[in-house]
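All remarks here apply to the structure that follows.
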Amino acid sequence: MSKKSAKDKILEITEKLIIEKGYSNTNIRDITYLANVSVGTLYHHFKKGKIDLLKEIITKSTIESTEKLNTNNFFAGKDINTFSDGLKMYFLAMIENHRENRQFIAAMESEVLSNINFYDKLKNDVRSKETRQIETNLFLKPIKILLENFPQEDLNIEQNGKQIHGIVDILIHRHVYDEYTFESDEYFLQVLNKIVFSLLKD
């Protein structure tokens with residue numbers, strides 16, 4: 001097994017501390033101590049300190065998630081008979097991915113709710129408009145593949161793609177954190193499919 005680089009150790013410790021203490025209560029001194037690196041080493045890799053660390057953690061998580069969900073072979077070898085079946089399979093994979101990152105997402109949500117200034121920093125410095133557009137394009141890719149394999153004359157993904165991405169993301173987040181709302185993944189997927197179909201037909 002290869003030895004972790006100083007940069008990887010810093011990122012790993014930072015994510016762990018954010019989950020345990022929250023972003024605001026995580027400080028550079030604790031990060032460098034636990035990662036066994038100097039402050040200079042941290043700032044060598046992350047010029048703006050904590051905000052650059054947060055940006056790297058979120059970017060890395062997004063890349064890993066999209067690589068898992070957006071390969072051209074995502075649907076290969078799977079028993080898909082209809083466009084609806086494919087959507088359910090894709091959304092279920094998104095739910096499972098969300099659950100894997102639940103602790104970190106919960107920590108970030110708690111920070112946003114308790115600190116409005118942090119929300120502005122997150123929006124401007126970490127998740128810019130350009131970044132969100134890239135995420136939307138990646139989200140839509142498997143759906144476009146499904147539409148190619150199961151042509152639907154009355155469905156148009158180009159018109160409401162951004163809205164579909166936002167609504168799906170919000171509802172999956174809600175489902176993962178409050179499973180009593182929809183009771184089961186199967187029922188939630190039925191509801192989600194109906195919403196997406198209505199937006200695709202709009």
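The values are calculated or read from the model by the stated rules, or taken from the named source; none is laboratory data. The model shown is predicted, which means the values in this text are computed figures rather than measured ones. Cβ placement follows ideal geometry from the backbone for every residue including glycine, while neighbour counts extend to all protein chains displayed.
Brief remarks on what is shown
- Qualifying residue in the range 81-91 (condition: out of contact with any helix residue (DSSP H, G or I) (no Cβ under 6 Å at 6 or more places or on another chain) and of a type in the set (A, V, I, L, M, F, W, C)): yes
- Among the residues making up the range 6-46, a single one is among the small types (G, A, S) and at positive phi: G22.
- Conditions (1) of a type outside the set (D, E, K, R); (2) at pLDDT below 90; (3) surrounded by 13 or more Cβ atoms within 10 Å (Cβ to Cβ): number failed by L113: (3)
- The condition (being more than 19 Å from the chain's Cα centre (by Cα) and within 22 Å of E15 (Cα to Cα)) is satisfied by just one residue among I195, I157, I116: I116.
- Only one entry of K16, K7 meets the criterion of being in contact with a His (Cβ under 9 Å, 6 or more places away or on another chain) and either loosely packed, with under 13 Cβ neighbours inside 10 Å or not assigned by TED's automatic domain parsing to the domain that holds V168 (or both), and that entry is K7.
- Residue match in the range 68-81 (condition: at pLDDT 80 or above, surrounded by 16 or more Cβ atoms within 10 Å (Cβ to Cβ), assigned by TED's automatic domain parsing to the domain that holds L138 and not in a helix (DSSP H, G or I)): yes
- The conditions of being touching a residue at least 24 places away in the same chain (Cβ under 8 Å), exposed (fewer than 14 other Cβ atoms within 10 Å of the Cβ) and out of contact with any strand residue (DSSP E or B) (no Cβ under 8 Å at 6 or more places or on another chain) are not met by D120.
- Listed conditions (1) outside the structural domain of N137 (by TED's automatic domain parsing); (2) farther than 27 Å from D120 by Cβ; (3) at pLDDT 90 or above are all met by S84, apart from (1).
- Test result for T131, exposed (fewer than 15 other Cβ atoms within 10 Å of the Cβ) and either among the hydroxyl-bearing types (S, T, Y) or not in a helix (DSSP H, G or I) (or both): yes
- Residues within the range 20-34 that are assigned to a helix (DSSP H, G or I) and either surrounded by fewer than 13 Cβ atoms within 10 Å (Cβ to Cβ) or modelled with pLDDT under 95 (or both), tallied: 4
- Residue in the range 174-189 that is surrounded by the fewest Cβ atoms within 10 Å (Cβ to Cβ), counting only those that are assigned to a loop (DSSP other than H, G, I, E, B) and modelled with pLDDT of 85 or more: S184
- Near pairs, Cβ below 6 angstrom, 6+ apart or cross-chain, from the range 142-156 (closer than 16 Å to L69 by Cα) to any residue that is assigned to a helix (DSSP H, G or I) and of a type in the set (G, A, S): L146/G86
- Only one of the listed residues (T41, T82, T26) is of a type in the set (V, I, T) and in contact (Cβ under 8 Å) with a residue 60 or more places away in the chain. That residue is T82.
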